[in-house]
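The values are calculated or read from the model by the stated rules, or taken from the named source; none is laboratory data. Model, not experiment: these values are computed from the prediction. No Cβ is skipped: glycine too gets one built from the backbone with ideal geometry, and neighbour counts run over all protein chains shown. Keep in mind that these areas ignore ligands, DNA and RNA; they rest on the heavy atoms of the full protein, side chains included. Shrake-Rupley method; radii C 1.70, N 1.55, O 1.52, S 1.80 Å.
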Amino acid sequence: MTTFDLKDRYRWSTRLRRSRTAPPAEAAERATWSTLTGWIASAALCLALAALSPAPAMPWVLAGLLSVSGFVWLGAAITRAGPPANATHLTAWDAALLAFAASFGVQSAARLGLLGA
């Protein structure tokens, strides 16, 4: 058995057929936008809840709420049991990473005194 045989047309045709039956790009784009809007909504909710706290504590409350949001997204990703890598669209794993990154960014800005707290 050779690795590359030009006369082996059957294998190439089945490989081409399999690659054509991949899910359409519209479904992946729809899933990406769904995850992204869900994360934006959860971050906006965290910001709205943090706005109710006193001004000096607001960055820390926001960072804590974003961390909690990251753990919620992480729980959703674990229970859905989807693969964390090799996905063609954004998943709950990516939303959890975004929430933790936003929390780290808010904490860093607060430590550097950029938020006036």
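Observations on the structure shown:
- Boolean, residue 79 is surrounded by 13 or more Cβ atoms within 10 Å (Cβ to Cβ) and polar (S, T, N, Q): no
- Residues that are open to solvent by 90 Å² or more (accessible area, probe 1.4 Å) and not hydrophobic (A, V, I, L, M, F, W, C) within the range 23-53 comprise 23, 26, 29, 30, listed in sequence order.
- When the range 85-117 is filtered for residues that are open to solvent by less than 40 Å² (accessible area, probe 1.4 Å), within 21 Å of residue 27 (Cβ to Cβ) and in a helix (DSSP H, G or I), the ones remaining, listed by number, are 92, 95.
- Just one of the listed residues (19, 69) is part of a helix (DSSP H, G or I), at pLDDT 90 or above, open to solvent by less than 90 Å² (accessible area, probe 1.4 Å) and not charged (D, E, K, R), namely 69.
- Scanning the range 74-90 for residues that are of a type in the set (S, T, N, Q) and touching a residue at least 60 places away in the same chain (Cβ under 8 Å) turns up just one, 88.
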